[in-house]
Amino acid sequence: MQVSNSKMPVAILGATGTVGQRFVQLLSNHPWFKITTLTGSSRSQGKTYRMACDWRHSSPLPQAIQDLVIQPVTPNLDAKLVFSALPTGVAKKHEPELAKAGFVVCSNSSAFRKQEDVPLVIPEINADHFRLISSQKTAQDWKGFIVTSPNCTTTGIVMALKPLADKFGIEKVFAVSMQAISGAGYPGISALDISGNIFPYIPGEEEKIEEETRILLGTISQGKKHAHELSISSQANRVDVLEGHTASISIQLKKKSSLENVYEAYQDFQVDEDIKNLPSSPNNLFILHKTPGRPQPRIDRDAESGMAVSVGQIRPCSIFDLKMTTVIHNTIRGAAGGALLNAELLVSRKLIPSDE
Ligand code: NAP
């Protein structure tokens, strides 16, 4: 769908960081959006993107933005839509200022994910939570608004749980994550701590997985989020993998199911037509593996250009009902790609007012 003849001007906040660079890469040839503004910390402000940014992708630094000068974050950005890849504390200050000034903020940070009138959305899972936008604008008296995308690990877990929650109901989840180094941003964890090692502590991560899973699978009414009642416990580990978060998940269903019916739940899962047609939507949301030993982060993270979740090792669990392994690309579907899909859906559902 071509929404307009002219591309919408967009800003990337935190454009020099791990997620910011991914935004630059994904937005560089985007059919609807044009990067007009890049921001960074005082370390980078006033420098060209080429000078400020240590580009860490094998694809070349896009020509069109190399010479954009890094700006501070102010409510005078030359953009309509803002993608935020700011650290949480910085996002807490700037994202409301921008929403108040009339910008639409699609955020990757955790700053407002739990706020009751800020949608936390994965389009294929809970696009109906965008209904919170109008309550947010009214309650906050903002001209613009904030929409958030979930924590990277939570994204993969929730995508894998959703078809089962819909078909059988879910009572309990136990999830152990094995998270890539890039999930900690740049420079992230020290090489001496992670090389050939597993680091069994990621501050705040287990709480995010548990709380955000319940929000994403929950409902909204009267301008508020109502968390799903499932019990969930998680353990988060940083592992010596560059990109791609893996999770081992055990699930207790409300209604018992055969493994055959579990596979069917994934095959039958329906995604709204308008979401399927968005530029960044994957053709297949789930890549189901029946071969033992899959999925693996190095082999499977790039499935559907990093926008699918890979699910495998589905088998009976002797404590709960079933267990499985999932892999998600943490900086694409789990970060920049997820926020971009939110923005595309906001445009296609006309939730971002058009200038025309
Ligand atoms: P990062 O690599 O550390 O990048 C942080 C970015 O924020 C840099 O561009 C930095 O600019 C900028 N910044 C830092 N302090 C600032 C300040 N005081 N004012 C303005 N800009 C400032 O972090 P990241 O991994 O990209 O993460 C960004 C956000 O996304 C975080 O909230 C994180 O939790 C979230 N997230 C990350 C992932 C992931 O896989 N990495 C996944 C999901 C969500 P300079 O380079 O100029 O200092």
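The values are calculated or read from the model by the stated rules, or taken from the named source; none is laboratory data. Source: prediction; values computed, not measured. In this analysis, Cβ positions are derived from the backbone assuming ideal geometry, glycine residues included, and neighbour counts consider all displayed protein chains. Areas reflect the complete protein model, heavy atoms only, side chains present, ligands, DNA and RNA absent. Shrake-Rupley method; radii C 1.70, N 1.55, O 1.52, S 1.80 Å.
Here are some notes:
- In sequence order, calculated HN-Hα J values of the stretch 124-134 (Karplus, 6.51, -1.76, 1.60; Hz; x Gly/Pro): 6, 9, 8, 4, 4, 5, 4, 4, 5, 4, 5
- In the chain, the portion of solvent-accessible area held by carbon and sulfur atoms comes to 50 percent [1.4 Å probe, whole percent, DNA, RNA and ligands not counted].
- Debye equation applied to the C-alpha atoms of the stretch 183-233, log10 I(q)/I(0) at 0.13, 0.24, 0.28, 0.29 Å⁻¹: -0.50, -0.90, -1.06, -1.09
- Taking all protein chains as they are arranged and a probe of 1.4 Å, the heavy atoms of residue 32 leave approximately 10 Å² accessible to solvent.
- Taking a straight Cα-Cα cut-off under 14 Å and skipping sequence neighbours fewer than 8 places away in the same chain, the aspartates and glutamates within cross-link reach of residue 255 are 166, 171, 321.
- Relative protection proxy for 85-98, 223-236, from highest mean packing down: 85-98, 223-236 (other beta-carbon atoms within 10 angstrom).
- Nonlocal amide H pairs with residue 294, under 5 Å, H built at 1.01 Å: 313
- For the chain, the Kirkwood hydrodynamic radius comes to 20.5 Å, computed from all pairs of different C-alpha atoms.
- Residue 8 long-range amide H proximity, modeled H, under 5 Å: 33, 34
- For the stretch 194-219, the residues whose amide N sits under 19 Å from a probe point set 7 Å from the Cα of residue 116 along the beta carbon direction are 211-219.
- Average projected area [Cα convex hull, the stretch 152-329], square nanometres: 11.3
- For the stretch 1-100: rounded, prolate or oblate by the Cα gyration tensor [a/c cutoff 1.5]: oblate
- Dividing the summed helix terms, -39500 (n - 2.57) for each DSSP H run of n ≥ 4, by the number of residues in the chain produces a 222 nm estimate of -8000 deg cm²/dmol to the nearest 500.
- In terms of accessible area, using a 1.4 Å probe and ignoring ligands and nucleic acids, 198, 65 rank largest first as 198, 65.
- 1.4 Å probe accessible area per residue over the chain, in Å²: 43
- Computed from Cα positions, the angle between helix 205-216 and the longest principal axis of the chain comes to roughly 90 degrees.
- In the structure shown, the pairs 34/350; 114/172; 137/167; 167/276; 100/162; 80/167 are assessed against 28 Å; a Cα-Cα span above that value is assigned to 137/167; 100/162; 80/167.
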